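The values are calculated or read from the model by the stated rules, or taken from the named source; none is laboratory data. Keep in mind it's a predicted model, so treat the numbers as computed, not measured. Because the Cβ atoms are built from the backbone with ideal geometry, glycine has one as well, and the counts that use them run over all protein chains shown. For the accessible areas, the whole protein counts, side chains as well, though only heavy atoms, and no ligand, DNA or RNA atoms are used. Shrake-Rupley method; radii C 1.70, N 1.55, O 1.52, S 1.80 Å.
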Amino acid sequence: MNNTNEMKLIFDSRSSNESFARVTVASFMTSLNPTVEEVSDVKTAVSEAVTNAIIHGYENEVHNICIRCRTKERTLYLEIEDEGKGIEDVKRAMEPLFTTKPEQDRSGMGFSFMEAFMDRLEVESEPGKGTVVKMEKTIGKGRKLWTIQSL
């Protein structure tokens, strides 16, 4: 049996679509039987990545954001990609409290939240070409997973 599943979602970089993206990913991951907390963690990370693409990548212009999701066994793999302005210094951008938009009351905690709520975070970016945020979360860590066979 093949234990993988994939989805690709392309949508406009409008702030009104941020909740749509978050709920779509949450729905996709239900096959992994996540806890409410695990779903909440993933939704928060997706929100942060999509918001970064809208505000920083596209500077509130409307272009495409692409989310690719894959589940393999108990792990959710996410890629959130924009073709916006890119990040000059990824390492610096990932520092807590660093923001390029302080005048918009941006906290500079987006990447920190993604890192805290997911098991793995990787950011690839090229100025003028865009950014890909790659995240992973293994579902069910530290809890006994009951299956029909184990009952």
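Observations on the model:
- Its Cα gyration tensor gives region 41-91 an equivalent ellipsoid, and the semi-axes of that ellipsoid, as √(5λ) in whole Å with the largest first, are 23, 12, 11.
- Amide H contacts under 5 Å for Thr75, placed H, 5+ residues apart: Ile139
- Taking every protein chain into account, the 1.4 Å probe leaves Arg68 with about 70 Å² of accessible area, to the nearest ten.
- Residues in region 60-89 reached by a label modelled at Ser27 [backbone nitrogen below 20 Å; 7 Å Cα→Cβ]: 65-72, 76-81
- Which listed pairs, of Lys8/Lys91; Lys91/Lys129; Lys43/Lys85; Lys85/Lys137; Lys72/Lys141, have C-alpha distances above 20 Å, in listed order: Lys8/Lys91; Lys43/Lys85; Lys85/Lys137
- Alpha-carbon geometry of region 1-81: the Rg and the Dmax are 12.9, 44 Å, given in that order.
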